[in-house]
Amino acid sequence: MPPTYLQGLVTSDLFSEPRAPREEAEDSLNALAGLPLHGAEGAVEAGVAAAHAGGSGGSGPVEEEVPVRFTSKMRSTCFLDHRGRILTDALLWKRTIDSNGSTINDNTTTSSDTTATTANAKTTTEYLIDVPSSTADLLFAHLKQHKLRRSKIKLEDKSEQLSVHAVYGTLNAEGAPKGYLAAMDPRHPSLGMRVLSVGDEVIAQDDDDLGTTTSAGDVSDENDDTTNNTTTSTPTVSERTKRTTHFTKLMNNFFPHHPGTYSVLRRLSGIAEGSELTTRTALECNQEFLNAISFTKGCYLGQELTARSQFVGVVRKRIVPVMICETEMEVPRPWVMAGMIQELGEEGGMEKIFGLTGTKEEDDSGGDTNRGDGKDATENGAGEKKKLGFKGYVPPPLPKMSASGAGSIVSMMMGSVSAPTPQNNPQDGDHEVDLEAKERELELQNLRASGEKLQQEIAELAIPGTSIIDKKDGKTIGKIISTPAPGTTVLLAQMRLDRLGLLGNKEKWSRTNKILIGDGTKEYRYLPYLPLWWPEIDPETGKERVVEEEKKKSDEDELDDL
């Protein structure tokens, strides 16, 4: 499939090197680790933060930061219709194949082999489009519609011939085995390593050996929502089943097999895909944050609306992950902080949260630290504010959270993981210790029961397309676009940015909010959070905030391109 054909149909620029994903902001949980927060409600969350940071109070050993390498052989993109609305998102794998259909530019081919093959055989550039199964048929029909009758372009559906997998726990995608292509997910490394099984040698196995293999393995099949109806009485095994089994065996000693992991983590990471995006605009779906859009490549199908939204319009709605909880449940500390920041402003919120006055500069310059109540501000925690200042941390208007951070809070709220057990005092009697342990266990059981009930309620109500209604004024503030991640009450919703406190200054998000879901009559509370890959949002445009120097350089680059 020549790049000139795809260039006019995708939002990314196939003739330029893709950008690496943006650097992550600091996780709100890590930022809180080890800090003495005012109020009893911060006690449990401090434990979560400490555990998430990997040590007691965040004082554990700091892991060395590993650079993530991305390849131009794989990029994220979107396909739009003529109105500029998304048909589907996709990942494009680019490879060069010889006359026999073998890949000659993957990690398993040496430079000498590549030179010999290129010299002795005719090569072809091929793009493999990795697309969610929910929109595969829609995209295939779209591609055929825009293919000229006498064109030499060949389109083929290889869904049953190839297999796609996701591997978590590594940032190294180099050195893929023969028959495989591997790359870090170009949208964000939190989505893991993407692996594509393409080689014929992968399926050159005995049918008996493959047909009787169970799901024991070590990775997440990206298509784990599908079912293979293969039984021992059926001798024929599909190529896709053979590839999946081979990959499971290959990875068995390195990564445990967890079907469904990809589906959970992408929701916790705030990433929608496939039919969840269909009919929506690219910017409303955060595709510019995920390296799927080029604003300098020139014309492509649907480009007008996308460019106008970026350079002229205001983005008023975006897809965000939302955690649903009971109104009686205690609000976790990150959202308490966010609510204070929105209600009181940055300075007032910091004072309310940490009981601090003054700024880092005043503390460093030896300014007056008397609070007027006979106590010295330094003694009351100004040193901790200096610590925050040195870390460069300012609480955001909404918590910024990784998938693991969101998962930790969900586990605590649902009773899946108990709070850290306090150390026993040697002076306490064994009877008192046993009573405390029984009380904690009973409390945990009750929390699990209520958590399971809540999950069931939300699963029944949170159908894609269902409205989220603010109880205070009866207005629709969002629409659900995905069902909750399994085992959680975290869902993806297209929310009004002004009701999140991210656009304009008329509305604020409140930590004491109450919502209705669809036609339901029970009140819930919604806790939205921002994924770490989100940039800082400009409250006037709903788009990425651009500092003046960067904006000037961007304008100059655009003029140069023209």
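Values as computed for the structure displayed
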item: Region 70-83, subset in contact with a strand residue (DSSP E or B) (Cβ under 7 Å, 6 or more places away or on another chain) and open to solvent by 10 Å² or more (accessible area, probe 1.4 Å), residue modelled with the highest pLDDT; result: D81
item: Subset tally (residues that are open to solvent by 10 Å² or more (accessible area, probe 1.4 Å) and small (G, A, S)) for region 476-517; result: 4
item: Count of region 157-174 residues which are in a loop (DSSP other than H, G, I, E, B), open to solvent by less than 50 Å² (accessible area, probe 1.4 Å) and within 23 Å of K144 (Cα to Cα); result: 1
item: Residues satisfying the stated conditions in region 131-147, i.e. in contact (Cβ under 8 Å) with a residue 60 or more places away in the chain and part of a helix (DSSP H, G or I); result: S133, S134, T135, L138, L139, H142, L143
item: Complete set of residues in region 436-456 that are polar (S, T, N, Q) and either open to solvent by 100 Å² or more (accessible area, probe 1.4 Å) or touching a Phe, Trp or Tyr at 6+ places or on another chain (Cβ under 7 Å) (or both); result: Q456
item: Any hit, region 547-556, residues being hydrophobic (A, V, I, L, M, F, W, C), out of contact with any Phe, Trp or Tyr (no Cβ under 8 Å at 6 or more places or on another chain) and modelled with pLDDT of 95 or more; result: no
item: Single unsatisfied condition, R266 versus (1) out of contact with any Leu (no Cβ under 7 Å at 6 or more places or on another chain); (2) modelled with pLDDT of 90 or more; (3) of a type outside the set (D, E); result: (1)
item: Enumeration of residues in region 318-334 that are open to solvent by 10 Å² or more (accessible area, probe 1.4 Å) and charged (D, E, K, R); result: E326, E328, E330
item: Residue, least open to solvent (accessible area, probe 1.4 Å), within region 246-264, restricted to residues that are of a type in the set (A, V, I, L, M) and under 22 Å from S197 (Cα atoms); result: M251
item: Condition check for S99: farther than 22 Å from T281 by Cβ, exposed (fewer than 12 other Cβ atoms within 10 Å of the Cβ) and modelled with pLDDT under 95; result: yes
item: Test for T135: is it at pLDDT below 80 and not acidic (D, E); result: no
item: Residues being touching a helix residue (DSSP H, G or I) at 6+ places or on another chain (Cβ under 8 Å) and not basic (K, R) - total across region 147-202; result: 23
item: Single match in L283, L305 (criterion: assigned to a helix (DSSP H, G or I) and either within 21 Å of G542 (Cβ to Cβ) or out of contact with any helix residue (DSSP H, G or I) (no Cβ under 6 Å at 6 or more places or on another chain) (or both)); result: L305
item: Given (1) over 20 Å from L283 (Cβ atoms); (2) touching a residue at least 12 places away in the same chain (Cβ under 8 Å); (3) open to solvent by 20 Å² or more (accessible area, probe 1.4 Å); (4) over 21 Å from the mean Cα position of the chain (by Cα), index of the condition A459 fails; result: (4)
item: Residue satisfying condition, being open to solvent by less than 20 Å² (accessible area, probe 1.4 Å), at pLDDT below 80 and not acidic (D, E), within set S220, S215; result: S220
item: Residue that is surrounded by the fewest Cβ atoms within 10 Å (Cβ to Cβ), among those in region 278-317 that are among the basic types (K, R) and touching a strand residue (DSSP E or B) at 6+ places or on another chain (Cβ under 7 Å); result: R316
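The values are calculated or read from the model by the stated rules, or taken from the named source; none is laboratory data. Only a predicted model underlies this, so the values are computations on that prediction, with no experimental measurement involved. Positions of Cβ are generated from backbone atoms using ideal geometry, with glycine treated the same way; all protein chains shown enter the neighbour counts. Heads up: the accessible areas ignore ligands, DNA and RNA and are worked out on the full protein's heavy atoms, side chains in. Shrake-Rupley method; radii C 1.70, N 1.55, O 1.52, S 1.80 Å.
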